[in-house]
Structures are given as structure tokens and as C-alpha cells.
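Take a look at the structure below.
The values are calculated or read from the model by the stated rules, or taken from the named source; none is laboratory data. Bear in mind the structure is a predicted one, so any value in this text is a computation, not a measurement. Reconstructed Cβ throughout: ideal geometry from the backbone, glycine too, with neighbour counts over all protein chains shown.
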């Protein structure tokens, strides 16, 4: 179960909460809505970030707005606001994750600049980027930092193979599990360099892959692990991609159903596997780390090259002690 804190009204606040535009607070566990209740909402600003105050009965809670909506970019959110095992809070406004920025509208450049983002780290392969280059304000630095080698363009070819019915649901699931295992088994050097670049930045940064859910999810899980966020919370944060990509997912599946009229061999379940996240995927990464490297603590120290002193400095800079 997610960590909980209750109040006089008996209303339970888990770690992950989602507030709709209509003022309904949805309580999620592992990305699945368990219940919903009406609340009153008011906007609050501290000069840096916007917050919503949620009031239910005699309880109230301030929710940081971690999701930043962009018209042409999916899954853009702040990884801050989560509590660590030491009772600290990951700072907001430091590290962002996103889907690709190839369709970012010039009208949204000001919005990106308002986040004071100095650098963008693109985790995609050359094949994925071709024709879909990021569109960024001129003052934002761009770094191409692929996490996997894909000389044959296999990642970019997956869509075609699925459409042609060459991949079944089980094959899609197995390929995705293998991808998450290989990320920390075959690509450690790339991960180490990317993590150093992101964590050493004094200014806010954003990193992304194509959909902002798989490679981006793995990088996020490792960063939060370094900052001592517990694994359950990390998995729950990872699963938010299903929530924030829901409209896009439903639209894609509708198009796939229409496409199946012509491409009859296409497995719609395989499509769904590739466009969503599953806790078994990110757990495959953690299980590989546990089995091959002796656990996340050893992996952080030996594979990512972050010793205890440096880790403490990162925690001091990227988290803060919650006021009692």
C-alpha cells in the first residue's frame, strides 16, 4: 500500500494524488483509480510554483502541480515533490521529464523558458530523431545522449512490424521486458554519462525519449533511487505515464482498430503493450540490478560512479527537509 496520512474527517491522502479540472480528487494506487470524492479547490502561488489547496471536510492538502501541460508535447512533468525514505522532499523546478519535443510550438517557447530550463537531453537514437528533431528556444542547449545502441533502426521499425502483424501481444511484452533489462545490463556506460550530466547541472533540465515513458522512466527511477525515494513510490510515479498519456493512448487504439480493417493481422493487444507502461517493466529493471549488481545501492556506487560523499551532496542540493 502507498504511505498514507489521515485527518479528522477520516479522508486518506496517499502519496500520489490526481486532481481533475472539475475539482474531483482521484486516489490512485499503482496507476489505478480506487475512488474519487468532491473537493473544493483554490489556487495558491509562492512566487515560484503554483499550488492547489485541496479541502475535504476538516482536512486540507497542498498539491504541487507536477504536470506541465503543453499542447503538442506529451507527458511533461516535474519529478520533484516526492518524499524520500529520510523524510526529505525532492525539490520542484530542478529536473523535468517529457515526451519528445519535436512538435513544440513556438508559441510555447515562453512557457518552456518560464521553467528556466537550460538544457535538454534527448535519449532517442539517430533513427528515431531523423525528421523529428526537437524544436527549442535558441537559449536552450540541446544534448543528444542516446541510452541504447540501435544501428539497425530496430526501435524505429517496431511500429511497422506491429502494423503488419509481425509481433504478437506476448512478443511485445517479452521485447519490452528485455528492453528494460538490457537498459541496465548492456548500457551502463551510457547511463553513467547521462546521469552525471543531468545531476551535475546547476540549472533546471529536461530529458526525454520518444514517448517519455520507457527510457525516460528508467532514468527517472534511477535519479529518484539516488535521492533515496522508496521503490514503491518510484514505481507509482513511473505509472503516471499511463494517466498523463491516456487520451493519446485511447486515440492511438481507436486508429489501430480502424487500421485493422486493412491490416487484419495486426494484434491490437501488441499495440497496447507498446504504448503503455506496466509495473512489471520497471520492476524488470530493478530485478536485473538486484540480481546482476547486488542491489540498487551497489549499482549507484559501482556502476553509476556515485560514492557516498557525492550522493550526500546531491541529496542536499536536490531535496530539502520537510518542515514539521
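Miscellaneous remarks
- Members of segment 287-305 found to be assigned to a helix (DSSP H, G or I), within 13 Å of residue 223 (Cα to Cα) and touching a residue at least 40 places away in the same chain (Cβ under 8 Å), listed by number: 296, 299, 300
- Which numbered condition residue 83 fails, given (1) surrounded by fewer than 19 Cβ atoms within 10 Å (Cβ to Cβ); (2) free of Cβ contacts under 8 Å to residues at least 40 places away in the same chain: (2)
- Looking across segment 86-102, the residues that are surrounded by 23 or more Cβ atoms within 10 Å (Cβ to Cβ) and not in a strand (DSSP E or B) come down to 99, 100, 101.
- Breaking point among (1) in contact with a helix residue (DSSP H, G or I) (Cβ under 9 Å, 6 or more places away or on another chain); (2) at pLDDT below 95, for residue 60: (1)
- Comparison of 193, 133 shows that the only residue that is within 21 Å of the chain's Cα centre (by Cα), under 29 Å from residue 78 (Cβ atoms), in a loop (DSSP other than H, G, I, E, B) and without any contact (Cβ under 8 Å) to a residue 60 or more places away in the chain is 133.
- Residue check, residue 281 surrounded by 14 or more Cβ atoms within 10 Å (Cβ to Cβ), in the same structural domain as residue 163 (by TED's automatic domain parsing) and more than 17 Å from the chain's Cα centre (by Cα): no
- Residues located in segment 296-313, provided they are surrounded by 16 or more Cβ atoms within 10 Å (Cβ to Cβ) and under 16 Å from residue 86 (Cβ atoms): 296, 300, 311
- First in segment 249-273 and without any contact (Cβ under 8 Å) to a residue 12 or more places away in the chain, second anywhere and assigned to a helix (DSSP H, G or I), Cβ under 9 Å, 6 or more apart: 257/268; 260/268
- Exclusive hit being touching a helix residue (DSSP H, G or I) at 6+ places or on another chain (Cβ under 8 Å), farther than 21 Å from residue 143 by Cβ and not in a helix (DSSP H, G or I), set 263, 269, 213, 257: 263
- Scanning segment 199-210 for residues that are closer than 14 Å to residue 123 by Cβ and touching a helix residue (DSSP H, G or I) at 6+ places or on another chain (Cβ under 7 Å) returns 205, 207, 208, 209, 210.
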